[in-house]
1. Taking the Cβ-Cβ separation of B:Trp497 and B:Lys83 as r and a Förster radius of 30 Å, what is the calculated FRET efficiency to the nearest 0.05?
2. Between A:Trp46 and B:Tyr462, take the C-beta separation as r, use R0 = 45 Å, and let me know the FRET efficiency to the nearest 0.05.
3. With contacts defined as alpha carbon pairs under 8 Å and 6 or more residues apart, what's the relative contact order of chain B in percent?
4. Ignore the peptide's own chain and count Cβ atoms of other chains within 10 Å of each Cβ in B:458-468; give me the average, rounded.
5. With a point put 7 Å past each Cα toward its Cβ, work out how far B:Thr70 is from B:Asn349 in nm, to one decimal.
6. Extending each Cα 7 Å along its Cβ direction at B:Leu416 and A:Trp110, get the distance between those two points in nm, one decimal.
7. Assuming R0 = 41 Å, can you tell me the calculated FRET efficiency for the pair B:Leu154 and A:Ser35, based on Cβ-Cβ distance, to the nearest 0.05?
8. Can you find, among B:Phe528, B:Ile281, B:Val371, the residue farthest towards the positive end of the dipole of chain B? Put +1 on the C-beta of Lys and Arg, -1 on that of Asp and Glu.
Amino acid sequence: MNTVVMEQRKKLHPHKFTLWVGIGSILMMFAGLTSAYIVKRNQANWLSFELPHWFWYSTGAIVLSSVCIMLAVRSLKKGEMAAYRGWVGSTLVLGVLFIVMQWMGFRELWAQGITLVGNVAYSFLFVIVGFHALHVLGGVIALLVLYIKILIGKADRSNLVPVQLAATYWHFVDLLWIYLMIFLLMIR
Amino acid sequence: MSSVATLQGAGVHDAHHEHHHHETFITKYVFSQDHKMIARQFLITGIIWAIIGGFFSVIFRLQLGYPESTFPWLEDLLGHWAKGGKLQPEFYYALVTMHGTILVFFVLTAGLSGTFANFLIPLQIGARDMASPMLNMLSYWFFFLASIIMFSSLFVQTGPASGGWTVYPPLSALGDASSGSKIGMDLWLVSMAMFIVSSLLGGLNYITTILNMRTKGMSMTRLPLTIWALFFTAVLGVLSFPVLLSGAILLLFDRNLGTSFFLSDIVIAGKILPNEGGSPILFQHLFWFLGHPEVYIILLPAMGMSSEILATNARKPIFGYMAMVGSMFAIAILAFLVWAHHMFVTGLNPFLGSFFVLLTLLIAVPSAIKVFNWLTTLWRGNIRFTPGMLFAIGFVSMFISGGLTGIFLGNSALDLHLHDTYFVVAHFHIVMGVASFFGMFAGVYHWFPKMFGRHLNNTMAYIHFWISIVGAYLIFWPMHYEGLAGMPRRYYDYSNWESFKMFGGLNQFISLVAMVVFAAQLLFVFNFFYSIFKGRRVTSTNPWGSNTLEWTTPIKPGHGNWPGEIPEVYRGAYDYAKDGKEFIPQNVPVGDDETTHG
């Protein structure tokens with residue numbers, strides 16, 4: 001049996017590879033949304049907007065959370081389970097915080113009269129930011145599962161794959177947010 | 001690492017201890033994680049959809065062929081859709097829309113790729129299962145969920161979606177626009193969202209499996225062309241479906257939350273709508289960015305399977321293996337760069353249009369390379385006319401006939417006249433619909449023995465083939481003339497126009513042939529289900545004398561595919577008629593005195 005396993009084991013774990021292809025797929029969705037945004041931006045009837053302050057704070061939170069998940073992977077590699085639990089927990093908290101701050105940002109926009117139904121620029125803003133938040137929520141759920149497994153002692157010390165998968169996805173949603181933030185700042 | 005070990009180990013375990021392994025009916029036939037069972041689930045669901053979608057076309061052809069007649073049995077069957085035995089215009093549109101949706105997505109995407117990617121990828125590359133059997137199972141169940149939702153939309157009071165399979169706004173975005181724009185349209189969008197999830201989960205798995213799970217010796221250049229085709233199909237799917245998803249989501253927002261992504265300056269029944277600033281053309285861009293690759297998502301698997309079947313049954317190596325792979329790669333790239341040729345008449349900048357003309361016509365180059373290679377593979381071959389082979393040859397015929405008219409439509413100047421006429425209907429039905437169906441039939445006839453351990457009945461298969469190929473040409477060839485004469489598609493009744501009255505007899509003829517062809521498909525369906533239980537048993541592991549790895553498994557392989565170790569691969573898949581041997585399977589080591597690959 002081992003020979004079969006060895007024969008079929010290649011450089012990259014199949015689940016990691018699947019995740020990378022999946023990330024490509026998600027990127028295409030945001031490419032679709034942002035290019036539709038650019039097309040509309042160049043047509044008449046486009047009202048500019050200012051990004052809410054909360055989006056800056058949330059950017060800080062998600063960047064910080066990326067550092068935490070990196071440290072989580074590092075501590076599991078060293079076998080430091082207490083630190084591992086701590087870093088996964090911090091990533092989780094910062095992830096939840098990010099979503100809450102996005103929500104606060106939406107509230108700030110509403111207060112300025114910028115709502116989903118209104119100018120098409122505003123609709124795009126809500127849909128793009130909202131969809132990114134949904135993807136972060138997916139990551140939060142994955143982290144939660146990981147964290148619960150650690151708490152009830154079901155985490156496999158020798159298996160780095162789950163946390164590496166979570167980390168890759170988490171860095172992706174982080175970078176995606178930075179891209180969207182720059183995109184929205186430059187093209188309004 | 002450990003999950004690979006578990007997965008591969010599980011396969012070995014299953015195969016070795018099949019007698020001790022307790023598989024319930026539910027885990028074996030319903031929530032199965034065995035790629036071969038999932039493939040059969042996709043195939044059978046696809047066949048059920050094909051019957052429904054095909055039957056819809058018979059009903060609306062009845063209206064087109066006999067616009068003056070009434071058929072009381074129609075009212076018994078369809079209720080208020082056919083009041084007084086005459087199909088109502090709203091439901092005519094609903095049937096046309098559902099016919100397109102069902103055939104394009106549920107049959108020729110899920111039914112075709114879902115079946116053969118699942119079935120053939122692990123078997124032909126030498127893997128025990130997919131990279132993630134769990135995701136694979138989910139892929140089928142998302143498809144099943146999408147099917148249930150789409151099917152239920154047939155039974156709502158106002159009918160299913162009826163704005164055409166392309167669901168252009170504003171018709172699709174405004175509930176008040178038509179009866180088919182109401183709840184039926186919402187169900188369409190939700191069903192398609194589920195469908196896209198299914199197809200993404202499937203695609204991720206296919207790509208990962210092909211790149212990561214090949215057996216020892218199975219380098220990329222030794223892959224059978226089927227696998228290359230399924231690989232490119234999956235890549236197209238994971239890159240283009242998300243864009244359609246974003247379009248569908250924006251459309252859902254427009255419909256239900258009052259946004260104006262695709263709506264502007266609209267008046268319905270004298271009432272001005274508040275929507276401003278949107279653009280319906282934007283939806284067309286998002287739709288066709290998927291929509292065009294979708295054509296190749298449908299066509300590439302048929303190309304791959306036909307290549308394989310042609311070489312096997314011509315008893316000759318495929319001509320120009322690398323050229324075949326290269327041209328599929330070129331087609332996959334170009335598929336993303338030609339979407340606006342569906343939009344020449346939308347007011348697209350003519351300068352931009354000329355780029356799309358050029359890129360569209362460029363597709364003729366890889367297509368011609370493929371056709372040339374298929375014909376040269378057949379040239380002086382020792383051809384066995386099995387049913388699978390006949391359908392593969394039929395595929396090539398359809399691809400040529402339908403492909404040539406693509407050159408007309410790809411010219412923006414000609415397209416101004418031909419757009420939205422029956423010329424387009426003829427073109428895409430032949431090149432994408434019938435051709436892919438032929439590829440699919442070729443695949444079913446060829447791999448049925450591996451799927452079910454029995455053969456299909458040959459007599460019924462030959463009747464099925466001849467009626468289908470002659471019938472398909474009789475149906476779609478005359479439509480070119482109707483289209484050139486300017487007859488628009490999607491109309492309910494042509495007898496009101498003086499200029500199209502002359503086509504009354506022709507339309508009747510087309511409708512009659514369509515019914516005969518539909519009956520021939522029912523014969524196939526009968527043959528299929530009959531042969532699963534009563535067909536002639538397969539007695540040898542390799543009934544076609546084929547080189548690929550699936551024929552090295554037992555006649556009815558268990559979960560895990562090979563009872564012992566996975567065979568090692570020493571050569572490409574097309575060593576036919578070599579060194580005096582009829583065929584040399586991929587797992588036979590290269591002999592010292594063997595000539596090099598020609």
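1. 0.80
2. For R0 = 45 Å, the calculated efficiency reads 0.10.
3. Result for chain B is 17 percent.
4. Mean inter-chain Cβ contacts per residue within 10 Å come to 0.
5. Distance between label points: 5.6 nm.
6. 5.2 nm
7. 0.70
8. B:Phe528
The values are calculated or read from the model by the stated rules, or taken from the named source; none is laboratory data. A quick note: this is a predicted structure, and the numbers were derived from the prediction, not measured. Here the Cβ is made from the backbone with ideal geometry for all residues, glycine too, and neighbour counts use every protein chain on show. Ligands, DNA and RNA are excluded from the accessible area calculation, which covers all protein heavy atoms including side chains. Shrake-Rupley method; radii C 1.70, N 1.55, O 1.52, S 1.80 Å.
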